[in-house]
There are 2 protein chains.
Amino acid sequence: MEALDYHAEERRKAEFDVEEMKIVWAGSRQAYEISDRVARLVASDPVFRKDNRTMLSRKDLFKDTLRKAAHAWKRIIELRLSEEEASKLRFFVDQPVFTDLHWGMFIPAIKGQGNEEQQQKWLPMAYKMQIIGCYAQTELGHGSNVQGLETTATFDPETDEFVIHSPTLTSSKWWPGGLGKVSTHALVYARLITDGQDHGVHGFIVQLRSLDDHLPLPGITVGDIGMKFGSGAYNSMDNGVLRFDHVRIPRDQMLMGVSQVTREGKFMQSDVPRQLVYGTMVYVRQKIVADASCALSRAVCIATRYSAVRRQFGSHNGGPETQVIDYKTQQSRLFPLLASAYAFRFVGEWLKWLYTDVTRRLEANDFSTLPEVHACTAGLKSVTTSATADAIEECRKLCGGHGYLSSSGLPELFAVYVPACTYEGDNVVLLLQVSRFLMKTVSQLGSGKKPVGTIAYMGRSEHLLQCRCEVERAEDWLKPNVILDAFEARAARMSVTCAKNLNNFPNQEEGFAQLATDLAEAAVAHVQLIIVSKFIEKLHQDIPGKGVKRQLEILFNVYALSLLHKHLGDFVTSGCITPKQGALANEQLRLLYSQVRPNAIALVDAFNYTDHYLGSVLGRYDGNVYPKLYEEAWKDPLNETVVPDGYHDYIRPILKQHIRVARL
Amino acid sequence: MEALDYHAEERRKAEFDVEEMKIVWAGSRQAYEISDRVARLVASDPVFRKDNRTMLSRKDLFKDTLRKAAHAWKRIIELRLSEEEASKLRFFVDQPVFTDLHWGMFIPAIKGQGNEEQQQKWLPMAYKMQIIGCYAQTELGHGSNVQGLETTATFDPETDEFVIHSPTLTSSKWWPGGLGKVSTHALVYARLITDGQDHGVHGFIVQLRSLDDHLPLPGITVGDIGMKFGSGAYNSMDNGVLRFDHVRIPRDQMLMGVSQVTREGKFMQSDVPRQLVYGTMVYVRQKIVADASCALSRAVCIATRYSAVRRQFGSHNGGPETQVIDYKTQQSRLFPLLASAYAFRFVGEWLKWLYTDVTRRLEANDFSTLPEVHACTAGLKSVTTSATADAIEECRKLCGGHGYLSSSGLPELFAVYVPACTYEGDNVVLLLQVSRFLMKTVSQLGSGKKPVGTIAYMGRSEHLLQCRCEVERAEDWLKPNVILDAFEARAARMSVTCAKNLNNFPNQEEGFAQLATDLAEAAVAHVQLIIVSKFIEKLHQDIPGKGVKRQLEILFNVYALSLLHKHLGDFVTSGCITPKQGALANEQLRLLYSQVRPNAIALVDAFNYTDHYLGSVLGRYDGNVYPKLYEEAWKDPLNETVVPDGYHDYIRPILKQHIRVARL
């Protein structure tokens, strides 16, 4: 018997080899195979079921999460999974949990900031999960500004210990994931004070709970900070609050990879350059960009499949209504997001390479690329996470009313994703960091210092400030070089204009404060250029498979031209293109949508997501949406009884009341 | 003892009479007094407590909602509240519940579509809530396209009854609020079939449940459709699913105000004009616009107050950090939303007037303004709800990490608000309706038919297509007429361009399909012009109170110029303004933000929201945020025990495991 597939016709229409595209999406055949195998492993395991998640109370959800984490760990050991496979497994379990922080922050920070001895002492325990750690940096009153943290670590030379203390309410550690209920240890960031002198913020390994009975150690107050956005979503995580009342730890629990405190209480900077810390930051942020392409592609997959199932209006002679994916309004909202998913995927892949490159350079004491790398990763983190958060909500709206149901998967995906705009650097703060780098680059243009890497185009700014876009017909916009020129010109002109305007202010800082919004917009232009240019580089690679490259070319054009349309004001006011050329781009965009249309379902199939991972009735691979929606509805706890709890107390008395006097 | 007020200094800085502004916001002194009194009534009643709402399981939340509804009804009767007061009370209880549909849809529809007899029979029961009704229109497979509904109502002349039936799974009624667990009756929209002929969709009053024991009547399958976006939020509502298996109702339960079926089964259109139905639509949509200004102002109030509490960076010499509201990036995101709240409030007020005007005209058989009124309400519904949904999420982000906590109130506000973008007309579908009206207007320009009302400016399109903006200095942008001219020119030019481009297609329908995105953008331009012009009309009114009018002028300029900046591409490419003038507008905007800054707290105080209604620790009137956040955290169910449920089963075994072999 053939399996039911309402999308079969859509799949037949595809003009490219979807199996080859799966490999392009995954990055390599090996990555594809691992991902495919682990995803199926998770999907077929009943412990990892998640379709009832949004109905669970906080306590039940949390217990369910602990169960999954324990089971995941058991499977990882049993199957002797590699680190890459283990991390994939946790990814596909798709439920935020303390192990994310243990593996993603606690261990990398000890690796990056601990000295050799510390690594040898702590890492083996952490790898075996004999201790569970979290990363306790932000405080109730202090988020973005790490230098403003209030927690203190005062050296007591008498006992050779640090005294960790929370001097104020606002110094309470607040937000760290895994802290509230699970972690036995925390990396605590605190102001180092020796001999009455404040040496700024450093990291300390602090045990929080007894390894025997899990009770908090003396002087430690710890708990969960309460419900967060959405049902299910991040409520599976015990983001925590933590206060210290003069808690003592041995001196060797300060992370001493970069700075040290001697037995005498002398503070010393190590000869290891401080810039090494940036390596960790690049690592974390490239991971965030990769996650953005996952979350975005997941939402797009759901919205695209359901847009092919859903029909509204346009029935002719009593025939079926039109599939909503055939409407231009739907295409012009959906297809740029589909294209963005691919664009973010490729720039993420490149960032991964950049991380290895910068690591190699740092090891060779070459710090020359650091400012550029830092600006580039900060900017990409900001732009891709903001775009993804907006896109998930847009995909939800593109599913009409049913996108509002938890069973569509989109509300929870949105709620669980949006913190990415805030954690690891608030997106606006990051853009301002990028713009500072841009202004510095512009100011050094005359100095003979040649901009490199993603900022190299600034070296040609004289040309870019004058060049004219040569588009005369709509199809001229299909040329990657034409697009690249326009994006380079826009980015360069916006930066140079900002730099000029800064000169109108009495001092640099006042100018930065007043022009912050313009500066942030210039940073966005720079980052979008990076994404566009990395997509072009991808197209220059050898891409096998029938029609695969052609599809990527179309998606590239959709991505670039839809950005151009969205930011038309930038392009036209800076004189990079004329209004007429803008209209031609728009015209070309419409034609491109028609080219995407027959391939849309296959393009989201290429993400190779299981129905388990998607977690969406609307996004089901087989398109059998309505019977399943109907089935899901009856599972709600409210449907356990026909007459609702509360009827006798609150409904019946209303219906049976004899109202004599009322003004209504 | 003086009450704690961290915002006292901010309040002292205000340059206008906030008490007078409260009256401007409320619309009149009387409206202010009612609103103020009822809000306090609700806030002081422990039954209406809602701070634990997001922690409740679905069943507990639903029961809590029933309890509140019963208590609200009790208070309404006891206090002999007027209809306006009763509706305010339900508004401030702030928890979606079946009575919203009973009062907001069931009763108005019987009033609007029932004949005199039907009104006399059903309304008294409904007013006394001896029956509870809902509005069952949308189906599992059919939302926006009402004409595509599948449920049938077949007339049986033998018994003088209609047989209501759900012929397919997709014909299941789906979404109606209050349907799932509570309503005893429903207004069911179904295809009327007499003598084998389909007469399209009509409304029928159908009893669903026994008034004795609340059990569904024979042939009725009814239940809740399951969890929706967010925790708390709309999950208090029993949105329902409903199937009919040949359910019989008497003939006189078809709503016969507009069409009738005779005893013989003959279908007849009444002499009452069909257009009357539009009156109800205008009523419902003007209410949605009013609700938008409430939701938006609520989010803005929270974000503004917390932006004055929160400090990040910029500490000088160890002093306190800078209030985030002082950053231009924060101002440029927040203040346009503050201005939008006022703009939407005023256009909503005007829509209320428009509704009474159109009602008066309809009663006098004057249908001349209907198309314009319809386009205008549809467009305003679309633009204000989309902007509000985006703004709530932006306000959440403006609160940094803490905006992600349920106790900030913003996640639930977002989740409960977003359906407004979909219900009562999908926002994109509505824009396309507006654009059809615009295209018709353009096509009739030569015919001598003079456009009236909000579209009157099209009568001057010849001038508008050629006029040049005369701004030379930034302050020229402060003149309302300069702004109005630019917005009129932009709207007219975009419509005329669309009309021209439509001619390039072989037929009108193909053109509409292909250019849908451009048409929707033209519609947005038209609607934004309406909002801008109604704000200007408001400024022409007599507005008492020290400095009040001045503040509104500033907010008007912020609203209009921030829109201009956002849509700069439209303004510049259509040649309405030059890039240089766009830059001047931006410059002026920055100065305006500085003028808003000292008044920001007072401007949100003017909304007069109680802490109960705001439901946000971050938005507290007294600004005492951090101690309260800390306090709230401990209320989470997870904090009932120090060692979490699940420790012995799932955490301890991990910590105590002896791992011999693992690849990690």
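The values are calculated or read from the model by the stated rules, or taken from the named source; none is laboratory data. Note that the structure is a prediction, hence the values are computed from the model and not measured. No Cβ is skipped: glycine too gets one built from the backbone with ideal geometry, and neighbour counts run over all protein chains shown.
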Would you pick out the residues in segment B:217-274 that are among the basic types (K, R) and touching a Ser or Thr at 6+ places or on another chain (Cβ under 8 Å)? B:K228, B:R243, B:R248, B:K266
Conditions (1) over 22 Å from B:L603 (Cβ atoms); (2) within 14 Å of chain A (Cβ to nearest Cβ); (3) buried (at least 24 other Cβ atoms within 10 Å of the Cβ); (4) not hydrophobic (A, V, I, L, M, F, W, C): number failed by B:G401: (3)
Taking segment A:176-190 and keeping only residues that are surrounded by 24 or more Cβ atoms within 10 Å (Cβ to Cβ) and either polar (S, T, N, Q) or closer than 13 Å to A:S236 by Cα (or both), one is left with A:G177, A:G178, A:L179, A:G180, A:K181, A:V182, A:S183
Residue satisfying condition, being in contact with an Asp or Glu (Cβ under 8 Å, 6 or more places away or on another chain) and within 12 Å of another protein chain (Cβ to nearest Cβ), within set B:S406, B:S386: B:S406
Pull up segment B:624-640, narrow it to residues that are at the interface with chain A (Cβ under 7 Å from one of its Cβ atoms) and under 13 Å from A:G180 (Cβ atoms), then point me to the one that is farthest from the chain's Cα centre (by Cα). B:N639
Tell me, which residue of segment B:303-349 that is at the interface with chain A (Cβ under 9 Å from one of its Cβ atoms) and in contact with an Asp or Glu (Cβ under 8 Å, 6 or more places away or on another chain) is modelled with the lowest pLDDT? B:S315
Would you please list the contacts, defined by Cβ atoms under 7 Å and residues six or more apart or on different chains, that run from a residue in segment B:342-366 that is closer than 15 Å to B:V527 by Cα and in the same structural domain as B:G112 (by TED's automatic domain parsing) to a residue that is surrounded by fewer than 24 Cβ atoms within 10 Å (Cβ to Cβ) and among the β-branched types (V, I, T)? none
Is there a residue in segment A:354-363 that is basic (K, R), surrounded by fewer than 22 Cβ atoms within 10 Å (Cβ to Cβ) and within 11 Å of chain B (Cβ to nearest Cβ)? no
I want to confirm something. Restricting to segment A:250-274 and keeping residues that are within 35 Å of the chain's Cα centre (by Cα) and hydrophobic (A, V, I, L, M, F, W, C), which single residue is modelled with the lowest pLDDT? A:V272
The one condition in (1) among the hydroxyl-bearing types (S, T, Y); (2) more than 21 Å from A:C395 (Cα to Cα); (3) not assigned by TED's automatic domain parsing to the domain that holds A:K534 that A:T573 fails to fulfil: (3)
Among (1) over 27 Å from A:A86 (Cα atoms); (2) modelled with pLDDT of 95 or more, A:M125 falls short only on (1)
Given the criterion buried (at least 21 other Cβ atoms within 10 Å of the Cβ), at pLDDT 95 or above and not polar (S, T, N, Q), identify the matching residue among A:V300, A:V282. A:V300
Only residues that are under 18 Å from A:S297 (Cα atoms) and either charged (D, E, K, R) or not in a helix (DSSP H, G or I) (or both): list them for segment A:29-45, please. A:D36
Going through B:A491, B:A486, B:A456 one at a time, which residue ends up being without any contact (Cβ under 8 Å) to a residue 40 or more places away in the chain, away from chain A (no Cβ under 11 Å), of a type in the set (A, V, I, L, M) and buried (at least 21 other Cβ atoms within 10 Å of the Cβ)? B:A491
State the number of residues belonging to segment B:37-50 that are out of contact with any Lys or Arg (no Cβ under 8 Å at 6 or more places or on another chain) and not β-branched (V, I, T). 7
Say we look at segment B:49-60 and pick out the residues that are assigned to a helix (DSSP H, G or I) and more than 7 Å from chain A (Cβ to nearest Cβ); which of these is surrounded by the most Cβ atoms within 10 Å (Cβ to Cβ)? B:R53
Can you name every residue in segment B:566-584 that is in a loop (DSSP other than H, G, I, E, B), facing chain A (nearest Cβ under 8 Å), modelled with pLDDT under 95 and on the phi < 0 side of the Ramachandran plot? B:S574
Which of the residues spanning segment B:65-93 are small (G, A, S), touching a helix residue (DSSP H, G or I) at 6+ places or on another chain (Cβ under 6 Å) and over 26 Å from B:M55 (Cα atoms)? B:A86
Go through (1) under 26 Å from the mean Cα position of the chain (by Cα); (2) closer than 27 Å to A:Y234 by Cβ and name the single condition A:K22 misses. (2)
Of all residues in segment B:202-228 being within 14 Å of another protein chain (Cβ to nearest Cβ) and hydrophobic (A, V, I, L, M, F, W, C), which is farthest from B:T152 (Cα to Cα)? B:M227
Only one of A:S259, A:S293, A:S297 is in contact with a strand residue (DSSP E or B) (Cβ under 8 Å, 6 or more places away or on another chain), closer than 29 Å to A:V373 by Cα, in contact (Cβ under 8 Å) with a residue 12 or more places away in the chain and more than 14 Å from every other protein chain (Cβ to nearest Cβ), namely A:S259
Can you find a residue in segment A:435-443 that is part of a helix (DSSP H, G or I), surrounded by 24 or more Cβ atoms within 10 Å (Cβ to Cβ) and within 13 Å of another protein chain (Cβ to nearest Cβ)? yes
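Sort out for me the helices (runs of 4 or more DSSP H) sitting completely within segment B:61-173 that have 3 or more residues that are more than 12 Å from chain A (Cβ to nearest Cβ) and surrounded by 21 or more Cβ atoms within 10 Å (Cβ to Cβ).
On the way: elements: B:83-93, B:98-101, B:107-113, B:116-127.
In segment B:61-173, B:83-93, B:107-113 are the helices (runs of 4 or more DSSP H) which contain 3 or more residues that are more than 12 Å from chain A (Cβ to nearest Cβ) and surrounded by 21 or more Cβ atoms within 10 Å (Cβ to Cβ).
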Only one of A:L529, A:L502, A:L539, A:L519 is away from chain B (no Cβ under 14 Å) and either buried (at least 20 other Cβ atoms within 10 Å of the Cβ) or on the phi > 0 side of the Ramachandran plot (or both), namely A:L529
So which residues in segment A:249-270 are small (G, A, S) and either buried (at least 20 other Cβ atoms within 10 Å of the Cβ) or part of a helix (DSSP H, G or I) (or both)? A:G257
Residue that is surrounded by the fewest Cβ atoms within 10 Å (Cβ to Cβ), among those in segment B:229-248 that are more than 7 Å from every other protein chain (Cβ to nearest Cβ) and in a strand (DSSP E or B): B:R248
For segment A:12-22, what are the residues that are under 16 Å from A:L539 (Cβ atoms) and in a helix (DSSP H, G or I)? A:E20, A:M21
